[in-house]
Amino acid sequence: MKDMDPTEICEVCIVGGGYSGMNLARLLTTNGVNCKIYSAGYGASNLWAGTIDLLNFPCENLSIELAKFQVSIPQHPYAKIGMDLINDSLDEFFKAFPNFLAFKDGNNYINQPILTMLGNLKLCVGLWDTIFKDFDKFNPESLCVLIEFEEFNNSAMHLVAKGLQSQFPGKFLVLTLSLSELFAQIDSDLAEKIQDDKISLNNLAAFFDSQKLSMGILANYIKNEVGNQYPKEQFDKISYYLFPPVLGIEPKKVISSLNNHLLGKSFELAALSTSLMSRRLFNQFEQKLELLSTQINKGFVLTSLERHGLNWNCIFEKVKGEKVQILAKNVVIATGSLFVKGFLADEAELANKFHELNLEFPGGLGHDFEINSTKDCSKVFAIGSAAFLMSQCTDEDEFRDGTGLGVAISSSYAVAQKIIREHTK
Ligand SMILES: Cc1cc2nc3c(=O)[nH]c(=O)nc-3n(C[C@H](O)[C@H](O)[C@H](O)COP(=O)(O)OP(=O)(O)OC[C@H]3O[C@@H](n4cnc5c(N)ncnc54)[C@H](O)[C@@H]3O)c2cc1C
């Protein structure tokens, strides 16, 4: 084992750099609280598909449903937060990330159905703003063209078309395009370069960002292919285009450029690529944290947590055995529930460890996501999916009731409020 790096000191040590850890870091730093993120690296956030899930069942009134949770599943994260804080956390999030669309009816968030990659409908309170959601606008005359790129060789668009056709009036046609053909039309050198680099969703998105002024070429290609593949349809009768999410890291600009060239309205189906949608949100978080000079240290696994006077001593190990020691007043466990590493991964070991530290576990997750401790001044919290790990909620509870980004946003907000209040006392 190599020598330990000199001890670093911070007010809040955040363990885990998924959306809950990054959201907490953003809120704390914005309010003058010094914090650092140490993260193993890969988590559920890297697979996120583009929506903000809250509850997994239809409900007219979220407040009423959440009030029921507080009575029937008191250990559920939402039962601890309550509707007011959830509302505030979502309001703050949507303001900070304008690339999202919030589903609201007046001041209330509503669970709206959106289309998923399997062509079925899923409930969420918000989503990446280009996802196709205008179902109520379909009528028997509407003609919707779903664009598929043959290089990806998947049948997702056909499933989506099938799902739409079974539920809505109008006609849904899949149009197959070739990316190589499109690149060759734009620039033959580029076609070769992209082939050499191997087509990935990420490099395509970057390409479309840089080429948004050439969208006229894509629009003409679509027009010609509609003629070739559907000779009986008239191009000017097409009301909607549904694209897979390869259209740029900043898809808004590319889509508005496409809408200038196509007569119909273009949308992008967010949920068709988990990796790309999560990359987009990571990019935005990382940019914000960089502006706030907040460090995200990747490749660090928390291997030990001990009391050190009134602080916590956190030991992290890097892949090659280097160790880093952090002294922090507060520790926030944001390790998720799917890709947890180190001693946090073993429930029995975790229970023993917390017992030794005089922290109540399991089921010890108090209000504001504090893991109950005997000392007042230094605290340990659990947020995001880790809140499930630390409470008595089972995986079945998580799947049945719904959690997702809704829990990551609202629990990190609740903990941020608590730490900020203590900090400004
Ligand atoms: C395929 C898939 C699709 C999804 N799609 C959606 C969706 O469309 N909408 C939605 O609302 N939700 C979705 N979810 C759920 C959502 O992605 C998660 O609920 C959310 O991202 C959890 O964030 P988190 O920060 O709590 O945990 P994570 O993202 O899991 O982050 C935990 C972090 O902690 C790190 N870590 C773990 N152990 C340690 C350790 N010992 N020391 C240091 N670091 C550690 C991990 O490496 C990781 O970086 C999806 C989940 C999956 C798997």
- Message: Using the crude model of +1 on Lys and Arg Cβ and -1 on Asp and Glu Cβ, and no other charge, please compute the dipole size for the stretch 132-268 relative to its Cα centre, in debye to 20.
- Response: 560
- Counting all Cα-Cα pairs in the chain, those more than 36 Å apart amount in percent to 34
- Per-residue Cβ contact counts at 10 Å, fewest first, order W312, W128 as W312, W128
- Note on the structure: The convex hull of the Cα atoms of the stretch 132-268, divided by residue count, gives a volume in Å³ per residue of 100
- Query: Given H placed 1.01 Å from N in the peptide plane, which residues other than close sequence neighbours of L175 have an amide H under 5 Å from its amide H?
  - Reply: L146, I147, E148
- Message: Taking the beta-carbon count within 10 Å as an exposure proxy, list M277, M390 from fewest neighbours to most.
- Response: M277, M390
- Message: Could you tell me how many cubic angstrom of Cα convex hull volume the stretch 48-186 has per residue?
- Response: 150
- Which length gain, in nm to one decimal place, applies between E349 and L121 when the Cα-Cα distance is subtracted from 0.36 nm times their residue separation? 78.1 nm
- Message: Given contacts defined as C-alpha pairs under 8 Å and at least six residues apart, what's the relative contact order of the stretch 132-268, whole-number percent?
- Response: 29
- Message: Looking only at the chain, where both bridge partners belong to it, what percent of the DSSP beta bridges are antiparallel (to the nearest 5)?
- Response: 45
- Query: Hey, which of these cross-link pairs are over 20 Å Cα-Cα: K329/K425; K298/K318; K171/K232; K133/K265; K104/K253?
  - Reply: K104/K253
- Query: For the chain, what is the mean residue ellipticity at 222 nm derived from helices alone (per DSSP H run of n ≥ 4: -39500 (n - 2.57); sum divided by total residues; nearest 500 deg cm²/dmol)?
  - Reply: -12000 deg cm²/dmol
- In nm, to one decimal, how far is the T394 label point from the N283 one, both placed 7 Å along Cα→Cβ? 4.2
- Where nothing but the Cβ of Lys and Arg (+1) and of Asp and Glu (-1) is charged, how large is the charge dipole of the stretch 288-418 around its Cα centre, in debye to the nearest 20? 660
- Note on the structure: Assertion target for K80, K425, ordered by fewest C-beta neighbours within 10 angstrom first, is K425, K80
- Considering Cα pairs under 8 angstrom that are at least six residues apart, work out the relative contact order of the chain and quote it in whole percent. 26
- Message: Can you bin every Cα-Cα distance in the stretch 265-352 into 5 Å intervals starting at zero and give me the percent of pairs per bin, rounded to whole numbers?
- Response: 3, 10, 14, 18, 18, 14, 9, 6, 3, 2, 1, 0, 0
- Item | For the stretch 331-345, 3J(HN,Hα) per residue [Karplus equation, 6.51 cos²θ - 1.76 cosθ + 1.60, θ = phi - 60°, Hz, x = Gly/Pro] | 10, 10, 8, 10, 8, x, 10, 9, 10, 6, 10, x, 5, 5, 6
- Task: Quick one: dipole size for the chain, taken about the Cα centre, charges +1 on Lys/Arg Cβ and -1 on Asp/Glu Cβ, in debye to the nearest 20.
- Result: 460
- Note on the structure: Result row for the chain, helices from DSSP H with C-alpha axial extent 24 Å or more and mean Kyte hydropathy at least -1.0, is 274-291, 404-424
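The numbers here are math on the coordinates, done by the rules we state, and not lab data. Keep in mind the model is a prediction, meaning the values are calculated, not measured. FYI the Cβ positions are ideal-geometry reconstructions off the backbone, even for glycines, and counts take in every protein chain you see.
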